[in-house]
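K.L.:
One structure follows; several queries about it will come next.
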Amino acid sequence: MWMKDPLDPRGQPLRDSFNADPEKRTRALLGHQLILGLKATPEGRFDGDIYNAEDGKSYSVSLWRDASDRLKLKGCLLKFLCQTQTWKQTLDVQPGQLVGLTGDAGGPRADREWASLPAPARKSAAK
């Protein structure tokens with residue numbers, strides 16, 4: 001997760017204080033997974049869940065690229081209460097910002113509940 005301001009007014013890391021799981025309320029917001037359980041759809045999108053640290057809840061999300069440096073996210077509370085955002089890729093790295101893929105040395109760490117899931121089975125190539 002990237003954050004414009006990862007620190008509180010005292011200079012301490014912002015915490016996941018609204019998480020429904022009391023054990024996670026002291027973890028730093030920066031660095032944990034935000035989008036979880038993505039699965040490809042026939043329309044070329046990916047559906048899964050997105051975590052909102054502002055209320056500690058997860059919501060259904062659909063995401064897709066509409067340009068090489070833009071990601072569209074459509075989140076819905078109910079089927080008719082939806083909002084779409086455009087996330088633009090940035091290449092400027094700020095101090096403390098994570099870069100890289102989940103699990104890479106410079107990337108975010110996988111949350112325990114997702115890191116322990118088995119990897120999807122790979123289809124073997126036809127001989």
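Every number in this text was worked out from the coordinates using simple rules, so none of it is lab data. The shown structure was predicted, so the numbers you read here are calculated from the model rather than taken from an experiment. For neighbour counting, all protein chains shown are included, and Cβ atoms are generated from backbone atoms with ideal geometry for every residue, glycine included.
K.L.:
Loop only by DSSP, 10 or fewer other Cβ within 10 Å of the Cβ. Give me the trypsin sites (Lys or Arg not before Pro) in the stretch 1-67 that pass, ordered by residue number.
P.N.:
Working: sites: LYS4, ARG10, ARG15, LYS24, ARG25, ARG27, LYS39, ARG45, LYS57, ARG65; in loops: LYS4, ARG10, ARG25, ARG27, ARG45.
When the trypsin sites (Lys or Arg not before Pro) of the stretch 1-67 are filtered for loop state and at most 10 Cβ neighbours within 10 Å, LYS4, ARG10 remain.
K.L.:
Give me the net charge of PHE18's neighbourhood, meaning all other residues with Cβ under 13 Å from the Cβ of PHE18; Lys, Arg count +1, Asp, Glu -1.
P.N.:
Neighbourhood net charge equals +1.
K.L.:
Can you tell me the mean projection area, over all orientations, of the convex hull of the stretch 1-97's alpha carbons? Units nm², please.
P.N.:
7.5
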